[in-house]
Amino acid sequence: MALLDIRFKSLELGRNVSITAIIPVDYIDYFNKVNRSLNPPFKTLYLLNGIYGDSSEWITHTNIKVLAEVNNLCVIMPSGENSFYRNQGEGRNYSNFIGQELLTITRNMFNLSRKREDTFIGGYSMGGYGALYNGLKYHHNFSKIVGLSPALIFDHSSNNSNKPSSLFSLSFLENCFGSLENMDINEFNPEYLLKNLITNDKNVPDIYLSCAEDDEDLINPTRKFKEILEKNKEKVNYSYCEGRGGHNWKYWDNQLESIINWIVK
């Protein structure tokens with residue numbers, strides 16, 4: 001398994017950017033003297049980090065490298081930079097970068113499949129929101145979405161306005177999403193995007209949704225999103241998992257093997 005730290009110029013972000021990549025080219029069985037890596041082009045998971053994190057987090061805190069290797073899955077990990085993976089003006093078009101430019105550049109850089117059915121997006125917390133948002137926005141590019149403890153924080157911000165963390169302050173939320181009024185009809189809301197795709201009979205990516213029971217800030221909005229999926233289960237294929245744990249790497253890492261199996265099946 002090749003593990004690469006890569007830097008390149010991004011037009012959408014207007015500067016050099018860094019990504020971490022796992023490329024399944026050397027799954028070596030030394031006993032039988034054979035490389036068990038499958039021939040490219042590779043299926044690819046674009047995996048997003050949470051707030052305050054960067055492209056190295058998944059490698060540092062989880063078993064993603066081993067799981068990618070045994071499943072011959074390429075994993076591309078950009079840095080979200082507290083952007084919620086949304087366009088935020090010239091030189092900060094994170095959504096365009098994640099949903100379009102990053103795919104083009106990495107496909108040109110490596111021998112990755114260009115097929116929708118081989119291209120997936122996932123993330124945790126802020127990255128879980130970013131995966132749902134961009135996976136639905138660019139539904140023609142991604143066939144599967146993984147939302148781990150997705151930060152659908154605009155959905156319950158009024159209940160957390162007194163919390164000291166900037167994650168829940170009104171000014172932080174408005175900086176990320178603009179006005180929190182009329183979020184039910186705002187394209188930044190994955191619920192709105194999902195309903196719009198269903199209404200217009202578009203291809204909805206399969207969705208894997210998971211949150212810990214003890215994740216007090218995010219479990220209720222995650223359950224609400226799950227209810228929408230359940231109401232539309234004839235048009236949306238989804239899997240839902242809710243287990244013991246909190247908003248932490250132990251929970252997310254424990255989920256990862258099931259998630260990778262769901263992705264590559």
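Quick note: the coordinates plus some simple rules give every number you see, no bench work behind them. Since this is a predicted model, take the numbers as computed values, not measurements. Glycine also receives a Cβ, built like all others from the backbone with ideal geometry; neighbour counts cover every protein chain displayed.
Computed values, structure above
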{"item": "Lysines whose Cα lies under 16 Å from that of Lys233, excluding same-chain neighbours fewer than 8 positions away", "result": "Lys144, Lys195, Lys202, Lys224"}
{"item": "Packing-based exposure ordering (other Cβ within 10 Å, fewest first) of Phe84, Phe110", "result": "Phe110, Phe84"}
{"item": "Proxy reagent accessibility, fewest Cβ within 10 Å first, across Tyr27, Tyr133, Tyr238, Tyr52", "result": "Tyr52, Tyr27, Tyr238, Tyr133"}
{"item": "Using alpha-carbon coordinates, inclination of helix 219-231 to the longest axis of the chain, degrees", "result": "80"}
{"item": "Label-point gap, in nm, between Leu38 and Asn261 - each point 7 angstrom along Cα→Cβ", "result": "1.7"}
{"item": "Equivalent ellipsoid, segment 198-265 (semi-axes from 5 times Cα gyration tensor eigenvalues, Å)", "result": "23, 16, 8"}
{"item": "Within-14-Å neighbourhood charge of Tyr94 [Cβ basis; K, R +1; D, E -1]", "result": "-1"}
{"item": "Inter-centroid distance (Cα atoms) of segment 83-97 relative to segment 190-260, Å", "result": "23"}
{"item": "Proximal charge balance of Pro40 [Cβ under 13 Å; K/R count +1, D/E count -1]", "result": "+2"}
{"item": "q = 0.08 Å⁻¹, segment 2-264: log10 I(q)/I(0) [Debye, one scatterer per Cα]", "result": "-0.30"}
{"item": "Phi-based couplings in Hz for segment 207-213 (Karplus 6.51, -1.76, 1.60; Gly and Pro marked x)", "result": "10, 10, 10, 8, 7, 6, 4"}
{"item": "Sequence-distant aspartates and glutamates (8 or more away, or on other chains) whose Cα lies within less than 12 Å of Lys235", "result": "Asp201, Asp206"}
{"item": "Under the Debye formula (equal points on every Cα, no solvent term), log10 I(q)/I(0) of segment 1-101 at q = 0.16, 0.24 Å⁻¹", "result": "-0.72, -1.25"}
